[in-house]
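Trainee: Dumping the structure here so I can ask a few things about it.
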Amino acid sequence: MLSRLKPWAPMAACPLVLGLLAASALAEGSFPLVGSPARGARLIVQKGCGACHTIPGIEGADGLVGPPLTQWSRRIFVAGLLRNTQQNVAAWVLEPQHFVPGNAMPSTGLTASQALDVAAYLETIR
């Protein structure tokens, strides 16, 4: 059977294998966070995110306007359309109206670095 494979066939499977390995490593949390979860938690409190969201680990964050952010790191999508990566979460936090015009989430006024910190905190919510 192997004699029928083209010489490049094993290489064609490499991206698939690497993708599966990366997904496994992400699931195990072995890649470092880009932002600072501690700074992210402080920013979540400062910006009042808990007025709209229930956010585990943030005192008084029991809002019911937006979706609860429980088990955030286990979610596949942000806003039903972006893959749940730190970069996409940061982009959403920075400009939610860019992705879903008219949605209830306001602009946060965060910098890109601060948005990555918020995303890093959310990634800790299992």
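Just so you know, all these numbers are worked out from the coordinates, no wet-lab data involved. Please read these numbers as outputs of a predicted model, since none were measured by experiment. Here the Cβ is made from the backbone with ideal geometry for all residues, glycine too, and neighbour counts use every protein chain on show.
Trainee: What residues have an amide H closer than 5 Å to that of Ser36, excluding those fewer than 5 places away on the same chain, when H is modeled at 1.01 Å from N in the peptide plane?
Mentor: Those lying under 5 Å, H to H, from Ser36 are Asp117.
Trainee: Using amide H atoms built 1.01 Å from N in the peptide plane, name the residues 5+ places from Thr54, or on other chains, whose amide H lies under 5 Å from its own.
Mentor: Counting only residues 5 or more places away or on other chains, the set is Gly63, Leu69.
Trainee: Another question about this same structure. How do Leu64, Leu43, Leu82 line up, fewest other C-beta atoms within 10 Å first?
Mentor: So the ranking, lowest neighbour count to highest, is Leu64, Leu82, Leu43.
Trainee: If you don't mind, there's one more thing I want to ask. Give the order of His53, His98 when sorted by the count of other beta carbons within 10 angstrom, beginning with the fewest.
Mentor: Working: His53 21, His98 10.
With the fewest neighbours first, His53, His98 line up as His98, His53.
Trainee: Here's another thing I want to ask about it. Please rank Glu59, Glu123, Glu95, fewest neighbouring Cβ atoms within 10 Å first, as an exposure proxy. Write out the running numbers ahead of the final one.
Mentor: Values: Glu59 9, Glu123 22, Glu95 13.
Lowest to highest Cβ neighbour count: Glu59, Glu95, Glu123.
Trainee: Out of residues 5 or more away from Val78 or on other chains, whose amide H comes under 5 Å of its own, with H placed 1.01 Å from N in the peptide plane?
Mentor: Arg83, Asn84
Trainee: OK, next. Assign one of three labels to segment 33-123, namely rounded, prolate or oblate, based on the Cα gyration tensor with a ≥ b ≥ c the square roots of its eigenvalues; rounded applies when a/c is under 1.5, prolate when it is not and a/b is larger than b/c, and oblate otherwise.
Mentor: Numbers: a/c = 1.23, a/b = 1.08, b/c = 1.14.
Rounded, because the longest to shortest axis ratio a/c is under 1.5.
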